[in-house]
1. How many residues are touching a strand residue (DSSP E or B) at 6+ places or on another chain (Cβ under 7 Å) and either open to solvent by less than 50 Å² (accessible area, probe 1.4 Å) or of a type in the set (Val, Ile, Thr) (or both) when one looks only at segment 50-66?
2. Please go through segment 58-83 and give me each residue that is outside any loop (DSSP other than H, G, I, E, B) and of a type in the set (Val, Ile, Thr), ordered by number.
3. With (1) of a type in the set (A, V, I, L, M); (2) surrounded by 15 or more Cβ atoms within 10 Å (Cβ to Cβ); (3) in contact with a Phe, Trp or Tyr (Cβ under 9 Å, 6 or more places away or on another chain) as the list, and LEU70 as the residue in question, which single condition is left unmet?
4. Here's a check for you: in segment 24-41, which residue that is touching a residue at least 40 places away in the same chain (Cβ under 8 Å) and open to solvent by less than 40 Å² (accessible area, probe 1.4 Å) is farthest from THR82 (Cα to Cα)?
5. Go through segment 5-23 residue by residue and tally those that are closer than 19 Å to LEU71 by Cα and either crowded, with 17+ Cβ neighbours inside 10 Å or among the polar types (S, T, N, Q) (or both).
6. Of the numbered conditions (1) in a strand (DSSP E or B); (2) over 17 Å from the mean Cα position of the chain (by Cα), SER14 satisfies every one except a single condition; which is it?
7. Out of the residues in segment 81-93 that are out of contact with any Ser or Thr (no Cβ under 6 Å at 6 or more places or on another chain) and over 15 Å from PHE8 (Cβ atoms), state the one that is least open to solvent (accessible area, probe 1.4 Å).
8. Would you mind telling me which numbered condition in (1) touching a residue at least 60 places away in the same chain (Cβ under 8 Å); (2) farther than 19 Å from LYS85 by Cβ; (3) hydrophobic (A, V, I, L, M, F, W, C) ILE7 fails?
Amino acid sequence: MPYHSYIFFDIEPSIHALTAEAAQKAKKDFAEHIEKSAGVQSRAYATLGLKTGTRLMLHLNAKTPDAIQLLVRDLLHTMLGTHMKITYTLLGLTRASQYNSSHAPKEPDFNSVHSYLVVYPFTKTTKWH
């Protein structure tokens, strides 16, 4: 799946108005939306204390950017999503190297569990070339 999206979220103060029971239900519903999303693989990472203004990052992987957008739209319409805001996004594309056609791109393994994910945004500028 060539498209990768890294979406960072923070919570709104309005979340504190939820009862503990309502908050648990909202988290469960949010997670279920992610799990049942067809065509989008996902992995969640806590970012509290690691990136200013964020609490959660979702790494989403799909064949099309549209699939990612639809999932994020649906997540923001869940109970938990109405108390969250997107603070930062990155969108990437995996493709074969233009410099070495025999080198196949490595796709992330969403079945293995990793404690950390390092995202290095890189854009090739005219100066870089």
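1. 11
2. If the condition is that a residue be outside any loop (DSSP other than H, G, I, E, B) and of a type in the set (Val, Ile, Thr), then ILE68, VAL72, THR82 are the ones that fit.
3. So LEU70 meets the others, but not (3).
4. Residue satisfying both the conditions and the ranking: ILE34.
5. Looking only at that region, the number is 6.
6. Of (1) in a strand (DSSP E or B); (2) over 17 Å from the mean Cα position of the chain (by Cα), only one is false for SER14: (1).
7. THR82
8. (2)
The values are calculated or read from the model by the stated rules, or taken from the named source; none is laboratory data. Predicted model only: the values in this text are computed from it and were never measured. As a convention, Cβ positions derive from the backbone with ideal geometry for all residues, glycine included, and neighbour counts pool all protein chains shown. To get the accessible areas, we keep the full protein, side chains included, count just its heavy atoms, and leave off ligands, DNA and RNA. Shrake-Rupley method; radii C 1.70, N 1.55, O 1.52, S 1.80 Å.
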